[in-house]
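Have a look at the structure below before the remarks.
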Amino acid sequence: MKKIEKLKLKAQEHLDDDEEVIATVMGVYESTTLGEKAIRNGIFLATNKRIVFYAKRTFGYDLETFPYSNISSIEVSKKFLGHTITFYASGNKVSMKWIQQGDIDTFLKYTRNAIQKVV
């Protein structure tokens, strides 16, 4: 089983019972919260309710959720090492770079539509 699939299965343990995964992408996650930067390898899940970041740690995991109602914009770019997705949620910049695994087209299409519906 690919790493992206293993992470997706682990992340699904933390979703609501009525939550459905639409698309998954894997890369290097960058966030800035209260002026502090964090960098971790992991996945973004686009669900019918929110975007979820999940990363496995040696002992435990990291999980962050971003309801579509808190996301103001989403951007994408493609460079030599893969795609980069950046969005702004509750005043924080969230970015995943070097995306080379997953369904980026479905992820972007679904999240853009979900953000527009709640705006």
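Descriptive notes on the structure:
- Restricting attention to segment 31-49, the residues being touching a residue at least 24 places away in the same chain (Cβ under 8 Å) and not aromatic (Phe, Trp, Tyr) number 10.
- Subset of segment 50-69 (residues that are outside any strand (DSSP E or B), without any contact (Cβ under 8 Å) to a residue 40 or more places away in the chain and among the hydroxyl-bearing types (Ser, Thr, Tyr)): 58
- Scanning segment 91-111 for residues that are in contact (Cβ under 8 Å) with a residue 24 or more places away in the chain and either surrounded by 16 or more Cβ atoms within 10 Å (Cβ to Cβ) or on the phi > 0 side of the Ramachandran plot (or both) yields a total of 13.
- Verdict on residue 7 being modelled with pLDDT of 90 or more, crowded, with 20+ Cβ neighbours inside 10 Å and assigned to a strand (DSSP E or B): no
- Qualifying residue in segment 19-29 (condition: surrounded by 13 or more Cβ atoms within 10 Å (Cβ to Cβ), acidic (Asp, Glu) and assigned to a strand (DSSP E or B)): no
The values are calculated or read from the model by the stated rules, or taken from the named source; none is laboratory data. All of these numbers come straight from a predicted model, not from anything done at the bench. Every residue, glycine among them, receives a Cβ derived from its backbone with ideal geometry; neighbour counts consider all protein chains shown.
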